[in-house]
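Notes to accompany the following structure.
The values are calculated or read from the model by the stated rules, or taken from the named source; none is laboratory data. Just so you know, these numbers come straight off a predicted model, no measurement behind them. Quick reminder, even Gly has a Cβ in these numbers, built from the backbone with ideal geometry, and neighbours come from all protein chains shown.
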Amino acid sequence: MMEIPLAMLPVGAKGKITRIRGGRGLVRRLSDMGFTRDAEVTVVCSHSSPNPGHGGPLVVEVKDSRIAFGRGIAVKIMVQEVDN
Amino acid sequence: MGFNKNVGKTIAVYSFVIGILYAIFGILEILVGWGDFVGTGVSFIQPIELAGVNVVPPDVFGGIMLLIIGAVYLTGVREQTKAEREGLSFLLVGSLLAAVFFMVYLVIMLANGVGYVFQFEDWLEWIWLDDLRPGIWLFLLALPGAYLAFTKKEWRE
Amino acid sequence: MVYTVALIGNPNVGKSVIFNNLVPGARQHVGNWPGKTVEKKEGKCVHKGTELKIVDLPGTYSLTARAVDELIARNYIVEEKPEVVVHIIDASNIERNLYLTFLLLELEANVVIALNMFDVAKEKGYKIDVKKLSKQLGVSIVPTAATTKEGMKELKDEIVYAAQKKGLVKVKPVITYGEKIEDLIQSIVDIIKDGMLAQKYPPRWLAIKLLEKDEDVLEKIKGSRYQNELMEVIMKAKNVLGDDPELVLADKRYDLISTILATSLVRGAKKWTLTDMLDKVFIHKGLGIPVFIALFWAMFRFAYDASAPFMEIIGLFFEKLAEASAGIPNEVLASLIGDGIFGGLGFILTFIPPIFFLFLGISILEDSGYLARAAFIMDRIMFKLGLHGRSFIPMLLGFGCNIPAMMATRSIEGEKDRLITLLVNPFISCGARLPVYILIAGTFFGSMATTAIWSMYFLGIVVAILLALLLRKTILRGEPAPFIMELPLYKAPTFHGSVIHMWERGVQFLKKAGTYLLAGAIILWFLSTFPWGAEVELSYTGQIGHALAPLFAPLGFDWRIVASLVFALLAKEIAVEALGIIYAVEGETAIGGALLASYNPVIGYTLMAFTLLYIPCVATIGTMKKESGSWKWTIFQLVLTLVVAYVVGLIITGIGALLGYV
């Protein structure tokens, strides 16, 4: 199945992380917070939009906690959409 | 009883009424306060008094805040008519905001009371009715909704 | 026998509540970690005849070398070797919290877990088999619900027990990472085990850090005789594991966590919680910002209006004190104490109520969990301004008082982001400047007075934004640190808790600001009262005013204005009184009249803008020094504000000239 950036998932959708495209610092930081390979994330709220350059931050639920981050990061987290 | 269509419709009507009331008084406060805000001293409406009570104080920003509270209540109406539980969020937050403003205005009234008791210069002519503003008594109308929103856990299923 | 106990945990797990439960407020000591701007809290308590020294480590998600607070926490554990490390875990969020536990076990710390927020987890429908979990981790676990003090006694019992047990039983690693990784770890351990480092630090931990290419540990092995051998193994590790060892280890830890939790945690059906409901509106696309505006406006209203009578009470108190000191026989002493200390300082201390109320409001918003959402909502706008989402709260607080605003920058992670926010904060028009605006605008601009005052607020915001962008493009170049933030569950703030918060911050503020204010008040008193008996113009302040006046001539300021600006360095609101003293008149109308007679409206407006923008008050300067930790940046801010004020003043004067005023 296709992998898409987390930023493109609509509200309520779930995804399984395949990889994180980013520098070592970012990847490590995110994994410390629970964004590891195969981790499941659910989009709680999105001010983002599929259009590049548009949209804002995201709130997702991962490993029992809610994490908010900017769109710049949301496009770097690649996921495979999972059916509810 | 869960959040079914009948309950939803009742809540929707309630939210609508409260929302409109907050919005109306918000607009009134803006209109009355406009003169002070732009410095011309001329407002669209003169302060409204009812039995000596300053019913609508001149307060542009205060009015905007009441409008915001009204907007929150009104936004939930649609989902409430469809008995979607997400609509309850708006009743919840609307009530929360109404309560916050109620408490703030009440505390200010009490503080003014302290100033009056000490007979400080700025408070010599103060009476408590001066501070009895929409932000306070509108909340009394919003109270039932607040109670239901916070306590009816079975509606959240 | 004193045992040292370190507290550690993720942010938002209730660590400070537990710290407060363990150490009564009076025995707490708040300072800074040496050489850093991160706050350090410690205190002593006694349990069952044993004395415990409790140290509160910064809240972190991990223990890498990359963030200051993580490094502080890690170094403390490894070098100070506390007898017990209490790892506070949020039971409702246990999966991610356990990650830190693994890291602590790697450090071979003597860990006791406080499974906090147990009540929240129960509400969420979680069932945790504490015994099983404890066995699988090899660590003792005490369930607690810190806000109701449940479990605190058991926790203290366990801490003392663990401290006494330490060193008697050799801790064997219960957690292992699979054959491939363990082989690599072993090969590194074999290389370093006889070396000096291995005597000081746990060898296994060193090995793991080296595999992860930890910057700090790599620094430590530089120049050692086995450096090359180690680098070889590290380089080869990537091939062996098929990916960056750091990532593989992180994945492995989480895999193990999942396995462990599979048998000890049962999650109930996913419930729609209060947090879900509230967030629907609080981070709503359309309503999020208006609600934010409403809440903050309510907070400011509360802070200013509810405190008004209390300000008068304090003012009255100091007035009486000043009057009483007139009776002191020694004239100079009477003046020093009456005018200098009670008069000057007292006037400023009247601003304590609004500041404390502001702190209370912020504490309530923070304790409830809302503040995190506010930062989130504002992030988008902040990003465009080259700032971090978390910069918004300090900017907003600045409208009340710059000092709590600057103290609030502590939650900003990126050093540069924090510095920029600190540097431009004073441009935001604080409450102290309002009396000055009211006086000048009321005098010169009649019916347009309110608009003139609003324009000052607007000007402050514009200048702050422009300067932030400028700094971002020049001296403090770089992208704002990535915005990643955990949104904690909403919690009803307890009155007790928020008041404690407010009190802590308020006292901190008073201690710092107070010292500068007292010193400043005395200095100013000296400068304006001496030479003794001389009138204002001939006093030192007057002399300074005259001396500097030529510099300010282009702006239309004469020695009187310059002198009052010098006075206002103590606290900007003093400018009003200062002008009164200088013109030898009392009361705002009289002062206004004197101003009207001496200056034109353009000079009036320039003065307003100058007051807004120039050097911040002494207390703010002191706060800047504390928060930035460096004189370099504090002085830079002094110069920056002065220059910006001057330039803007020139622009206004220039426009005025074009309009016909000279």
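Tell me, please, whether a residue that is on the phi > 0 side of the Ramachandran plot and crowded, with 22+ Cβ neighbours inside 10 Å can be found in the range C:400-407.
Checked the range C:400-407: no residue is on the phi > 0 side of the Ramachandran plot and crowded, with 22+ Cβ neighbours inside 10 Å.
Any idea which of C:Ile313, C:Ile348, C:Ile328 is under 23 Å from C:Val576 (Cβ atoms) and more than 14 Å from every other protein chain (Cβ to nearest Cβ)?
Only one candidate passes the filter, namely C:Ile348.
Scan the range C:280-306 for residues that are more than 7 Å from chain B (Cβ to nearest Cβ), small (Gly, Ala, Ser) and in contact (Cβ under 8 Å) with a residue 24 or more places away in the chain and jot them down.
Within the range C:280-306, C:Gly288, C:Ala303 meet the criteria.
Quick one: which of C:Phe357, C:Phe427, C:Phe376 is more than 20 Å from C:Trp297 (Cβ to Cβ), buried (at least 20 other Cβ atoms within 10 Å of the Cβ) and not basic (Lys, Arg)?
C:Phe427
From the residues in the range C:60-118 that are among the aromatic types (Phe, Trp, Tyr) and more than 13 Å from chain A (Cβ to nearest Cβ), which one is nearest to the chain's Cα centre (by Cα)?
Applying the filter and picking the extreme gives C:Tyr76.
Among the residues of the range C:430-489 satisfying the criterion of being without any contact (Cβ under 8 Å) to a residue 60 or more places away in the chain and polar (S, T, N, Q), which is nearest to C:Thr641 (Cα to Cα)?
C:Thr474
Look through the range C:193-245, keep the residues that are surrounded by 13 or more Cβ atoms within 10 Å (Cβ to Cβ) and small (Gly, Ala, Ser), and return whichever of them is nearest to the chain's Cα centre (by Cα).
Across the range C:193-245, the extreme among qualifying residues is C:Ala207.
On the given criteria, is C:Leu569 modelled with pLDDT of 80 or more, of a type outside the set (Phe, Trp, Tyr) and assigned to a loop (DSSP other than H, G, I, E, B)?
When the stated conditions are applied, C:Leu569 passes them.
I need the full set of residues from the range C:254-286 which are part of a loop (DSSP other than H, G, I, E, B), surrounded by fewer than 20 Cβ atoms within 10 Å (Cβ to Cβ) and of a type in the set (Val, Ile, Thr), in order please.
Within the range C:254-286, just C:Thr273 meets the criteria.
What pairs come up if the first residue lies in the range C:342-364 and is at pLDDT 80 or above, the second is of a type in the set (Val, Ile, Thr) and surrounded by fewer than 20 Cβ atoms within 10 Å (Cβ to Cβ), and their beta carbons are under 9 Å apart, counting only those six or more places apart or on different chains?
C:Ile352/C:Ile314; C:Pro353/C:Ile313; C:Pro353/C:Ile314; C:Leu360/C:Val499; C:Ser363/C:Val499; C:Ser363/C:Ile500
For the subset of the range B:64-94 comprising residues that are more than 11 Å from chain C (Cβ to nearest Cβ) and within 20 Å of B:Leu138 (Cβ to Cβ), which member is modelled with the highest pLDDT?
Per the criteria, the residue is B:Val77.
Taking the range B:129-139 as the search range and keeping residues that are touching a residue at least 12 places away in the same chain (Cβ under 8 Å) and farther than 20 Å from C:Leu295 by Cβ, which one is surrounded by the most Cβ atoms within 10 Å (Cβ to Cβ)?
If we take residues in the range B:129-139 being touching a residue at least 12 places away in the same chain (Cβ under 8 Å) and farther than 20 Å from C:Leu295 by Cβ, then B:Asp131 is surrounded by the most Cβ atoms within 10 Å (Cβ to Cβ).
Only one of these is out of contact with any Leu (no Cβ under 8 Å at 6 or more places or on another chain), surrounded by fewer than 21 Cβ atoms within 10 Å (Cβ to Cβ) and either closer than 27 Å to C:Ile412 by Cβ or without any contact (Cβ under 8 Å) to a residue 40 or more places away in the chain (or both): C:Gly49, C:Gly43. Name it.
On inspection, the qualifying residue turns out to be C:Gly49.
Does the range C:63-73 hold any residues that are closer than 11 Å to C:Asp216 by Cα and in a helix (DSSP H, G or I), and which are they?
Result: C:Leu71, single match.
When residues of the range B:100-111 are filtered for being more than 7 Å from every other protein chain (Cβ to nearest Cβ) and in contact with a helix residue (DSSP H, G or I) (Cβ under 6 Å, 6 or more places away or on another chain), how many remain?
Number satisfying all stated conditions: 3.
Go through (1) crowded, with 19+ Cβ neighbours inside 10 Å; (2) touching a Leu at 6+ places or on another chain (Cβ under 8 Å); (3) away from chain B (no Cβ under 14 Å) and name the single condition C:Phe444 misses.
Just one mismatch for C:Phe444, condition (3).
Pull up the range C:469-500, narrow it to residues that are in a loop (DSSP other than H, G, I, E, B), among the aliphatic types (A, V, I, L, M) and within 14 Å of chain A (Cβ to nearest Cβ), then point me to the one that is farthest from A:Gly70 (Cα to Cα).
So, considering only residues that are in a loop (DSSP other than H, G, I, E, B), among the aliphatic types (A, V, I, L, M) and within 14 Å of chain A (Cβ to nearest Cβ), the one farthest from A:Gly70 (Cα to Cα) is C:Leu489.
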